[in-house]
């Protein structure tokens with residue numbers, strides 16, 4: 001009997017914990033860096049300045065599932081979930097950079113501007129770090145509001161992720 005009670009409690013807790021629902025479409029965004037252009041490798045879209053989201057991926061990389069230091073190799077799974085191969089034109093580089101871009105939907109319980117629009121910023125140190133096939137990863141995150149049952153305020157949900165390199169390492 002105690003085993004049945006424990007099993008019931010276990011099932012209840014884990015079914016109640018799956019409150020993450022990525023159903024809030026983010027339809028617009030802005031690349032904050034002047035002069036930076038992101039173009040799909042297949043030329044199906046180009047992003048510069050303000051843009052409408054050309055696709056929605058379902059990467060779902062939050063800080064519990066994938067830590068920041070694990071992100072550089074996570075592009076493979078992102079591609080499997082709808083991220084796109086891109087080329088990035090940066091004014092400080094002669095050659096275009098290679099990349100993978102994930103534009104995800106937001107969690108319905110997400111809070112902050114990252115749930116309303118994508119604000120893509122690529123800091124110069126991340127651009128400088130992509131020499132000799134090294135990968136830089138930039139992203140925007142938002143937090144979840146606590147539902148009173150679980151404390152989820154420290155979880156970082158990522159709304160977009162961009163992997164960059166000076167070589168095509170994203171095959």
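Read-outs throughout are calculated quantities, based only on the coordinates presented, and are distinct from any laboratory measurement. Owing to the predicted nature of the structure, the values given are computational and were not obtained by experimental measurement. Cβ: placed from backbone, ideal geometry, glycine included. Neighbour counts: every protein chain shown.
Taking 0.36 nm per residue of separation and subtracting the current Cα-Cα distance, fully stretching the chain between residue 129 and residue 80 would add 15.1 nm.
When peptides 132-143, 159-170, 96-107 are ranked by their average number of other Cβ atoms within 10 Å per residue, the highest-first order is 96-107, 159-170, 132-143.
Residues 84, 67 in ascending order of nearby Cβ atoms (within 10 Å, fewest first): 67, 84. When Rg and the Kirkwood radius Rh are both evaluated on Cα atoms of the range 21-165, their ratio Rg/Rh stands at 0.96.
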